[in-house]
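The values are calculated or read from the model by the stated rules, or taken from the named source; none is laboratory data. Treat the numbers as computed from the prediction; the structure is a model and nothing was measured. Cβ placement follows ideal geometry from the backbone for every residue including glycine, while neighbour counts extend to all protein chains displayed. To get the accessible areas, we keep the full protein, side chains included, count just its heavy atoms, and leave off ligands, DNA and RNA. Shrake-Rupley method; radii C 1.70, N 1.55, O 1.52, S 1.80 Å.
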Amino acid sequence: MIRKSKTYYVSSIRGNDKNDGLTQETPFRTLQQLTGRELEPGDRILLERGSVFEDQYLHIRGKGEKENLIEIAAYGEGALPHICANGTGIWHQDYGIRLDSPAHVYRGDVSSAVLLYDAEYIWIHDLEITNKDDIDRQSVTGKTSGEARSEMAERYSAPHKMDRTGVAVVAQNSGTLHEIILQNLMIHDVDGNVYNKHMNNGGIYMTALKPDNEEQTGIARYHGVTVEDCCVWNVSRWGIAVGYSYQHARFVGAQLQEEWFLKYGHENIVLRNNYVKNAGGDGITPMYALRPLVEHNISDSCATEMNDRIYCYPEERMGKVAAAIWPWKCKNALFRFNEAVDTKLNQDGMAYDADSGDGTVYEYNYSRQNEGGCVMFCLEEAIHNTFRKNVSYDDLGGILSPSGNPDAYVSENQFYIRKGVPLLRKNMSDGEITLKNNVISELESE
């Protein structure tokens, strides 16, 4: 017997949890009626526009099909339906293995407003999502600046504060996951842990955890992720990240073979037309991906918490560094038509960063007034990098940061440089770089 797909309706305005939830006239009132439910191909969860789901979350399991996606979206007219997790939706994350640095936290409790666990062929769109702490950025309003800083340090910046996510996606016990689409999501005020780089912590964060029985289920990885037209602001720590992996040890060394990615890494990753503002740490980052495409995104005022005032209790975690739009351990990553502005100064603080990957290409991107400069080529495992036909306007601190990298080809760019700002950032000129056919112009003082 062929199962008929179901559409579930939820409305905080006119719903009732005693309803069956199967029509617009009989919607559920709360998301709890659907959380944990195993969805099947063609199933839909529709939230009524204008609804606000306070202290609620949506944790989804299920598998659609290529031509029959699971869909989570809005219906009706008015404002986007708003999921306000407020620290609910707690689950336990464990990579099952220590990460590439002993300083990185790899297990702990996480609060996620939306969690997709081993879900695939799924499309989520047109939702507003928050996950505030009751001790958020606004909690110290009205106090003296000294008292405000003290409370921020002791409470907002607590070293073991719970990680929080707007949308968390996890691959673990279902092998390769396909076709995960996040589109037109408004994600903001996610008050996570400022120190934990690779937990599901920030606006949108996807990870691959060690399976319970890898021989039986296969390697956990992604083949087909699209994050598009999403707006992410006031989040800690990351803006958008796809996706740190328990298989990180397979990607040690500079030369990264394509077959490693086909077996252990991620494929067909597209991050397009997203806007990230006021991320506490990094803006937008693909990880362990083969030929990821990152285009038409904007990073605005990121790395806002990478400073001594907020990043003040790291214990042994270190990691007070962040950049705007960059790859980690990718092969042949392509970044084009992106814009990064006003990234805050830290040990990094630049717009773009070709970091420990093979064959990163930046082309037709724009950067302006990033306090750590325009681009870094980071460390010995950053090879075959190309930075071409980009525009840097009034970036600060030093435009280029070749940091221990064996090669980088920088050509046909336009660098508009403020008087006194060096082309090479101080203390970051020990890498190899080839400059060809670039136009360097000094900006006139106002």
- Query: Counting only the heavy atoms of the protein chains, how much of residue 223 is accessible to a 1.4 Å probe, in Å² to the nearest 10?
  - Reply: 70 Å²
- By accessible area (1.4 Å), largest first, 388, 29 order as 29, 388
- Computed over the chain, Kirkwood Rh from alpha-carbon pairs, angstrom: 22.3 Å
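To the nearest 0.05, what FRET efficiency results for residue 216 and residue 6 with a Förster distance of 35 Å applied to their C-beta separation? Don't skip to the end; give the middle numbers.
On the way: r = 30 Å, r/R0 = 0.85.
Efficiency, rounded to the nearest 0.05: 0.75.
Using heavy-atom solvent-accessible surface (probe 1.4 Å) with all chains present, what is the largest-first order of 258, 215, 228?
On the way: 258 70, 215 180, 228 35 Å².
Descending accessible area places them as 215, 258, 228.
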- Keeping the other protein chains in place, figure out the carbon and sulfur percent of the accessible area of the range 266-340, with a 1.4 Å probe. 50 percent
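If you stretched the chain out fully between residue 424 and residue 307, how much longer would it get, using 0.36 nm times the residue separation minus the C-alpha to C-alpha distance?
Numbers: separation 117, 0.36 × 117 = 42.12 nm, distance 2.29 nm.
Extending this stretch completely gives an extra 39.8 nm.
Give me the Å³ per residue figure for the convex hull around the C-alpha atoms of the range 1-138.
Working: hull volume 20.6 nm³, N = 138.
Dividing the Cα hull volume of the range 1-138 by its residues yields 149 Å³.
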- Message: Only sites in a loop by DSSP and with at most 14 other Cβ atoms within 10 Å count here; which chymotrypsin sites (Phe, Trp or Tyr not before Pro) in the range 322-393 make the cut?
- Response: 337, 364
- Note on the structure: Expressed in nanometres to one decimal, the distance between label points 7 Å along Cα→Cβ at residue 337 and residue 291 is 1.9 nm
- With contacts defined as alpha carbon pairs under 8 Å and 6 or more residues apart, what's the relative contact order of the chain in percent? 8 percent
- Note on the structure: For the range 380-433, the accessible surface attributable to carbon and sulfur atoms (probe 1.4 angstrom, ligands and nucleic acids excluded) amounts in percent to 46 percent
- Query: Over the range 14-131, what percent of the accessible surface lies on carbon and sulfur atoms, probe 1.4 Å?
  - Reply: 44 percent
- Listed pairs 329/426; 210/277; 63/329; 210/329; 344/419; 18/161 exceeding 27 Å between Cα atoms: 210/277; 63/329; 18/161
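Any idea of the accessible area per residue across the chain, 1.4 Å probe, to the nearest Å²?
Details: 17850 Å² over 446 residues.
That works out to 40 Å² per residue.
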- Query: residue 198: accessible area at probe 1.4 Å, nearest 10 Å²?
  - Reply: 10 Å²
- Note on the structure: Heavy-atom accessible area of residue 416, protein chains in place, probe 1.4 angstrom, given in Å² to nearest 10, is 70 Å²
- Message: Quick check: pseudo-label points 7 Å beyond the Cα along Cα→Cβ at residue 94 and residue 38, how many nm apart are they?
- Response: 2.3 nm
- Query: Name the residues of the range 99-132 whose amide N is less than 19 Å from a point 7 angstrom out from the Cα of residue 68 along the C-beta direction?
  - Reply: 119-124
- Query: In terms of modelled amide H atoms, which long-range or inter-chain residues lie less than 5 Å from the amide H of residue 87?
  - Reply: 132
- Message: 7 Å from Cα along Cα→Cβ at both residue 364 and residue 24: what's the point-to-point distance in nm?
- Response: 4.1 nm
- residue 318 label point, 7 Å along Cα→Cβ, cut-off 13 Å on backbone N: hits in the range 77-100? 100
